[in-house]
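Here the structure is laid out as structure tokens; the discussion comes afterwards.
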Amino acid sequence: FGMLAYQSGDLAEAQRAFDKAANFPKADKERLRFLGGNVLFEMQRFDAARTAFETMLTEFPTSAYKDEALYRIALSYFYQNDYKNVTKTLNKYIEENPKGMYICDAKYRLAFIVFQEGKKEKALEELLKIIEAHPNDNNIGQVHALTGDIFVQKGDYDNAMKQFALAVEKAKTLT
């Protein structure tokens, strides 16, 4: 019932259904807690989503959903502009998941934070490392785009144009 509610766009009802089902004796509590956290995240109830994911990881520390749950915890802080906690949780994610599904995006978001702090050279250095390490990641286009923005700010328009062209090329080929 929760999945039907979710698919029909009734996120509040989906959340209620997942919570209710998690209390059934033979329920797949791990999956239901994960789905409930995702619904809360989509509803932009980031504190509640974070709690749901943290609870799931406490109950199921080796969860099959650990990679995504840890990443969504970090994103919840990102969307709340809590850069202290997002930095901490993204670094934890990278440390615990060196081959994680979201590693490129996690590194990109950390570089973006450095860029927002006005440390363009350090951000550029990190972005170039990401490009080298993850040339075919689904998120590499955004890395090239931010790299291009930094080159524009530096007045290096040739490199900026190359980065923007790569951003477009990667966006086309990786989708």
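The values are calculated or read from the model by the stated rules, or taken from the named source; none is laboratory data. Since we're looking at a predicted model, the values are computed, not measured. All Cβ positions, even for glycine, are placed from backbone atoms using ideal geometry, and neighbour counts span all protein chains on display. Just the protein is used for accessible areas: all its heavy atoms, side chains included, with ligands, DNA and RNA removed. Shrake-Rupley method; radii C 1.70, N 1.55, O 1.52, S 1.80 Å.
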Counting only protein heavy atoms with a 1.4 Å probe and every protein chain in place, the carbon and sulfur fraction of the accessible surface of the chain in whole percent equals 53 percent
Over region 48-106, what relative contact order in percent results from Cα pairs under 8 Å that are six or more residues apart?
31 percent
Mean separation of Cα contacts under 8 Å, 6 or more apart, over the residue count of region 19-175: relative contact order %:
12 percent
Taking trypsin sites (Lys or Arg not before Pro) as candidate sites, keep only those in a DSSP loop with at most 11 other Cβ atoms within 10 Å, then name the longest stretch of the chain containing none of them.
100-175
Pull out the extension gain between residue 47 and residue 116, defined as 0.36 nm times the separation in residues minus the alpha carbon to alpha carbon distance; nm, one decimal.
22.4 nm
First select every other residue whose beta carbon is under 13 angstrom from the beta carbon of residue 76; then total the charges, Lys and Arg +1, Asp and Glu -1.
0
Work out which helices of the chain, taken as complete DSSP H runs, extend at least 18 Å along their axis over the Cα atoms and score a mean Kyte-Doolittle of 0.5 or more, then list them.
103-116
Length gain on complete extension for the stretch residue 81 to residue 171, per 0.36 nm per residue less the alpha carbon to alpha carbon distance?
29.8 nm
